[in-house]
Amino acid sequence: MAITVNGGAAAASMLNVALSKTKPGEFKPKTSAVTNIQTTLSQNDVNANNRLIMNSAINRLNGIAQGIVEPNQDREWEVVGAYLQATGQPYQIKIATNGALSVEAQADGKLDDFNQAQKLGIANAIQKFDSIAIQVDQETARNGYLNSYNTAAARLIMMQQFAPAQDPWEIDFQRYAELGRPVQVGLNGQGEIVAINQLEHDFSEVENVDDRLKLIAARNELSNILDGTSAATEAWHYLALGNKQDGDDYLIVLDDDGNVTVRNNLHRDTPSSQLSLNHITPQFLKDDFKVETSAQWQEDAANLYRQGKGFYFDFDNTGTNIVTRELNLTYAMNLHKPVDRTQDIINAQLSILT
C-alpha cells in the first residue's frame, strides 16, 4: 500500500532526517572532545605569548648588561635581574599565570625541581663559583688597565704627530713636558689614566722598597737641579736637562741594573720594536694571570660571566653532573627538555573514540 506524504512540512522533516545521518567514515565529535581541542589551542596561545614575554625580558637584561638600556627602577624583576647578571650570580626568570615576571636567584630559591642531593650540588656550585667570579673580576680589571696603557701609548704617538691633546691627562702631560717637569703616565686610584708630575710623586707603585727609595732620592736631586740650588753632576742629570731644553717628555726610572736613568714615556720594545708604555706598566699587570677552573661547568659559567650574560646551574640528562645553562629562550622556557606526549595522545584518541 502506498504511503502518501501530506504537505511541505512532512517533506522538510524527512529532509532533516536524511541530512542528520552521517556518511560512511564521518562522525560528530562530542562536546568534551571539542573542549579538549579548544583547551589545547588556548594553551598553545599562552605558551607562545609566554615565549614572547620571556624573550623580551632576556633581551632587555642583556641590553642593560651591555650598557645599551637603562634599567627601569619601577620593575623589580628588571632591577634584581640586572644586578644578579652583573655580579655573576645564577638566577632564573619566572612567568606567572597572568604574565607577570619575577626573578629568583638560585642561592635564595627553593629549587623545587631538584631532589635533595641535587639541591646540595647546586648550593656547592654557587659557593664554588663565588671564588671564580672574583678571579674573573680581577682578570677583567687587569685587561682593562692594560688596554688603558695601550690606548694611552697610541694617543701619545698621535700627539707626537701634532694631534691636539683632548683628555685631561693628555693636557696635563703636554703641560708638564712644556714646563720641563719629569712626567709619567700612570693610573690613579680609580684605575684611570693620569699624567703624574714626578716631582710631586711618592712612587708608591714601586713594590721594592729599596728601588722606591732610590727614585725618591733621584726626585729630590732633580728638583734641586731644576730650581738651581744644585748643579748637574751625573749622566742622568744631563739627560733630564737635555729633554727639558728640547721640550720633550721624560721621566726618572731604574734601568735593568737598578741604576737611575732618564727615558721618554714611549719606549721601543726590544722584541717587537714598537713604541709602547711597557717599561712603565706595573709588573703585576704584565704577569701571567689565569682563572682557575676544574670542571666544564665552571669554565662555561666563567665565560658567560665575562660576556655579561645571565646563567643558572642545572643537571645533565643523567641527573648527576652539574651543567651551566645560558639564560636564553631555549633554556629559560625549558625547551631543551624532551616532553613525554604519551598521555596527551591517549587522551586525544579517547576523545575521538567517544
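The values are calculated or read from the model by the stated rules, or taken from the named source; none is laboratory data. Keep in mind that this is a model prediction, so the values were computed, not measured. Note: ideal-geometry Cβ built from the backbone for every residue, glycine included; neighbour counts use all protein chains shown.
For this structure, a couple of remarks:
- Apart from one condition, VAL69 fits all of (1) buried (at least 17 other Cβ atoms within 10 Å of the Cβ); (2) part of a loop (DSSP other than H, G, I, E, B); the exception is (1).
- Residue among ARG263, ARG306 that alone is among the basic types (Lys, Arg) and in the same structural domain as GLY186 (by TED's automatic domain parsing): ARG263
- Any hit, the range 24-38, residues being at pLDDT below 85, buried (at least 17 other Cβ atoms within 10 Å of the Cβ) and either assigned by TED's automatic domain parsing to the domain that holds TYR331 or under 30 Å from ARG325 (Cα atoms) (or both): yes
- Residue that is in a helix (DSSP H, G or I) and under 24 Å from ALA301 (Cβ atoms), where the choices are ILE171, ILE216, ILE134: ILE134
- Just one residue in the set SER102, SER20 is modelled with pLDDT under 85 and of a type in the set (Ser, Thr, Tyr); that residue is SER20.
- Pairs meeting the criteria (first residue in the range 315-331 and within 22 Å of MET54 (Cα to Cα), second residue of a type in the set (Asp, Glu), beta carbons under 6 Å, at least 6 apart or on different chains) are VAL323/ASP314; VAL323/ASP316; THR324/ASP300; ARG325/ASP314.
- Condition broken by ALA152, with the remaining ones in (1) of a type outside the set (Phe, Trp, Tyr); (2) at pLDDT 95 or above; (3) exposed (fewer than 13 other Cβ atoms within 10 Å of the Cβ) satisfied: (3)
- Residue list for the range 190-241, restricted to those being surrounded by 15 or more Cβ atoms within 10 Å (Cβ to Cβ) and without any contact (Cβ under 8 Å) to a residue 12 or more places away in the chain: VAL206, ARG212, ALA232
- Top-ranked residue in the range 242-262 [being more than 10 Å from LEU215 (Cα to Cα) and among the aliphatic types (A, V, I, L, M); ranked as surrounded by the fewest Cβ atoms within 10 Å (Cβ to Cβ)]: VAL262
- Any hit, the range 176-190, residues being in contact with a Pro (Cβ under 9 Å, 6 or more places away or on another chain), assigned to a helix (DSSP H, G or I) and either of a type outside the set (D, E, K, R) or within 24 Å of ASP246 (Cβ to Cβ) (or both): yes
- Within the range 194-210, considering residues that are at pLDDT 95 or above and charged (D, E, K, R), the one nearest to the chain's Cα centre (by Cα): ASP202
- Looking at the range 252-337, the helices (runs of 4 or more DSSP H) lying wholly inside it that each contain 2 or more residues that are closer than 26 Å to THR151 by Cα sit at 283-286, 296-306.
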